[in-house]
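Can you keep this structure in mind? I'll have questions shortly.
Rule-based calculations on the coordinates, nothing more; no lab input. What you see is a predicted model; the values in this text were computed from it and never measured. Please note: Cβ atoms are built from the backbone with ideal geometry, for glycine as well, and neighbour counts cover all protein chains shown.
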Amino acid sequence: MAAEPVNLNEFQELARLALPKMYYDFYAGGAEDEHTLKENVEAFHRITFRPRILVDVSRIDLSTTILDYKISAPIIIAPTAWHKLANPEGEVATARAAASCNTIMVLSFTSSSSIEEVAASCNAVCFYQLYVLKKRDIAATLVQRAERNGFKALVLTADAPRLGRREADIKNKMIKPQLKNLEGLLSTKVSSDTGSNLEADAREAMDASLSWKDLEWLRSITNLPILIKGILTREDAIKAVEVGVAGIIVSNHGARQLDYSPATISVLEEVVHAVKGRVPILMDGGVRRGTDVFKALALGAQAVLVSFSQLHL
């Protein structure tokens, strides 16, 4: 009998063995040469500790508070696409896991379970990840549904004016599942004979004109706090605070957008220093162990976002 997995690397290997190659590659892959995908992990390896001894650690409290919601540890579930490719219950199962662990789940825009299904499944604290498409009324409708169903915040993904070149998906001719939350709102019948239809669909739908001025529009249609995801520089961090976001997520989209962008942990301290405590800062990308979480906290993050794969959508 094979030994039980004891860390994320071993769980990832089990996933590789269990999932169809197309789906595993979709979850685990990055853009182009996958340099940033590797760096997200390797950059953590280059950070070491200066441990102090003879400190009383008999009572440790890992809990923290994010936007006034107390969670059991500074670890949040990141927005990741199409959980039903890996589990028949999809995001409903993920939300239940979040509730049982007393943490926050960020439901992906590209989820395979609807906003309503996730909200009805349990009492998890959920945020909703938002892309703004060319048809702005779709975003407004999704925001209204999230508010109506008790979601507590919006996470605007801002680093995807176009889909990154994900060559594994192109080679595998990855066909995306139905976007559950967009049923009746957006046609997904875009064909591509040259590879993955993800890129064709994204090119058809994504609003490449989205800019800082559109934050004012988004704030005008919701009372929910807005976090912005995809910041990697002090300049953008300062701008985010100026336009009134409630929080920042330092992210390179799980290394799936722009290859050769920096590893998130390598720019975290720069963003923290720029923000100066005015809003909470979270980060994702490359977090594989508890020591990685500790490194992110030591460099100023309030929490990290993790997922069952490298995928952040």
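V57 to L185: extension gain in nm, 0.36 nm per residue of separation minus the Cα-Cα distance? Before the final figure, lay out each step's value.
On the way: separation 128, 0.36 × 128 = 46.08 nm, distance 5.32 nm.
Answer, rounded to one decimal: 40.8 nm.
Of the candidates I71, I53, I175, which one comes out as most mobile in a Gaussian network treatment of the chain with C-alpha springs shorter than 10 Å?
Ranking I71, I53, I175 by mean-square fluctuation puts I53 first.
At 7 Å along the Cα-to-beta-carbon direction for both C122 and E4, put a label point, then send me their distance in nm to one decimal.
1.9
Looking at the chain only, what percent of DSSP beta bridges run antiparallel? Nearest 5 please.
Details: 4 of 29 bridges.
In the chain, approximately 15 percent of DSSP beta bridges are antiparallel ones.
Another one. I231's amide H: which non-local residues (gap 5+, or another chain) put their own amide H closer than 5 Å, with H modeled 1.01 Å from N in plane and none for Pro or chain starts?
Placed amide hydrogens put I249, S251 under 5 Å from I231.
Taking 0.36 nm per intervening residue step and subtracting the Cα-Cα distance, what contour gain separates D137 from A208 on full extension? Each step should come with its number before you reach the end.
Numbers: separation 71, 0.36 × 71 = 25.56 nm, distance 1.60 nm.
Taking D137 through A208 to full extension adds about 24.0 nm, to one decimal.
Return the single residue from E269, E242, E42 with maximal mean-square fluctuation; model: Gaussian network over the chain, springs between Cα atoms under 10 Å.
Largest GNM mean-square fluctuation: E242.
So for the chain, Kirkwood radius off the Cα pairs, Stokes-Einstein at 20 °C and 1.002 mPa s: how many µm² s⁻¹?
Details: Rh = 20.0 Å.
After rounding, the answer is 107 µm²/s.
For the chain, give the magnitude of the charge dipole about the Cα centre (Cβ charges: +1 Lys/Arg, -1 Asp/Glu; no others), in debye to the nearest 20. Let's see the in-between values first.
Working: 36 positive and 37 negative charges, 71 e Å.
Roughly 340 debye, rounded to the nearest 20.
What chymotrypsin sites (Phe, Trp or Tyr not before Pro) does the range 7-63 have in DSSP loop regions with at most 12 other beta carbons within 10 Å?
Details: sites: F11, Y23, Y24, F26, Y27, F44, F49; in loops: F49.
Passing sites in the range 7-63 are F49.
Can you tell me, using C-alpha contacts under 8 Å and at least 6 residues apart, the relative contact order of the range 36-108 as a whole percent?
Details: 54 pairs, mean separation 18.9, N = 73.
Normalised by residue count, the contact order of the range 36-108 is 26 percent.
Still on this structure, I have one more. Can you tell me which lysines have their Cα less than 24 Å from the Cα of K173? Leave out same-chain residues fewer than eight positions away.
Of all the lysines, those that pass the test against K173 - Cα under 24 Å, at least 8 places apart if same chain - are K21, K38, K84, K189.
Would you list, by chain and number, the lysines whose Cα falls below 21 Å from the Cα of K239, excluding same-chain residues fewer than 8 positions away?
Correct list for K239: K213, K229, K276.
Would you tally the net charge around P79, using a Cβ to Cβ cut-off of less than 11 Å, leaving P79 out, and scoring K and R as +1, D and E as -1?
-1
May I ask you to derive the FRET efficiency for V243 and H45 from their Cβ-Cβ distance with R0 = 25 Å, giving the value to the nearest 0.05?
Efficiency at R0 = 25 Å is approximately 0.10.
Still on this structure: How large is log10 of I(q)/I(0) for the range 1-127 at q = 0.13, 0.14, 0.21 Å⁻¹ when the intensity is taken from the Debye formula with one equal scatterer per alpha-carbon?
With no solvent term, the Cα-only Debye profile gives -0.77, -0.88, -1.32.
Starting from the Cα of A298, step 7 Å along the direction of its Cβ; do the same at K70; then give the gap between the two resulting points in nm.
Reported label-point gap for A298 and K70 is 2.8 nm.
Follow-up question, since we're still on this one. How much FRET efficiency would the formula 1/(1 + (r/R0)^6) give for Q144 and F11, where r is the Cβ-Cβ distance and R0 is 41 Å, rounded to 0.05? Don't jump to the answer; show the numbers that get you there.
Numbers: r = 37 Å, r/R0 = 0.90.
With R0 = 41 Å, the Cβ-Cβ based efficiency is 0.65.
Let me ask something else about it. So if we plug the beta-carbon distance of H273 and S100 into 1/(1 + (r/R0)^6) with R0 = 41 Å, what FRET efficiency do we get, rounded to 0.05?
On the way: r = 36 Å, r/R0 = 0.88.
For H273 and S100, the calculated efficiency is 0.70.
Ok, one more. Using the Cα gyration tensor of the range 250-308, with a ≥ b ≥ c the square roots of its eigenvalues, what is the shape: rounded (a/c below 1.5), prolate (a/b larger than b/c) or oblate (neither)? Show your work: numbers first, answer last.
Numbers: a/c = 1.90, a/b = 1.22, b/c = 1.56.
Cα axes put the range 250-308 in the oblate bin.
To continue, here is another question. Using Cα-Cα distances under 8 Å and only pairs 6 or more residues apart, what relative contact order does the range 28-178 have, in percent?
On the way: 181 pairs, mean separation 29.5, N = 151.
Once normalised by length, the contact order is 20 percent.
Hey, in the GNM for the chain with a 10 angstrom Cα cutoff, which one of P51, P20, P88 fluctuates hardest?
With Cα springs under 10 Å in the chain, the top fluctuation among P51, P20, P88 is at P51.
Could you tell me the relative contact order of the chain? Use alpha-carbon pairs under 8 Å, at least six residues apart, and round to a whole percent.
Working: 578 pairs, mean separation 73.5, N = 313.
The normalised contact order for the chain reaches 23 percent.
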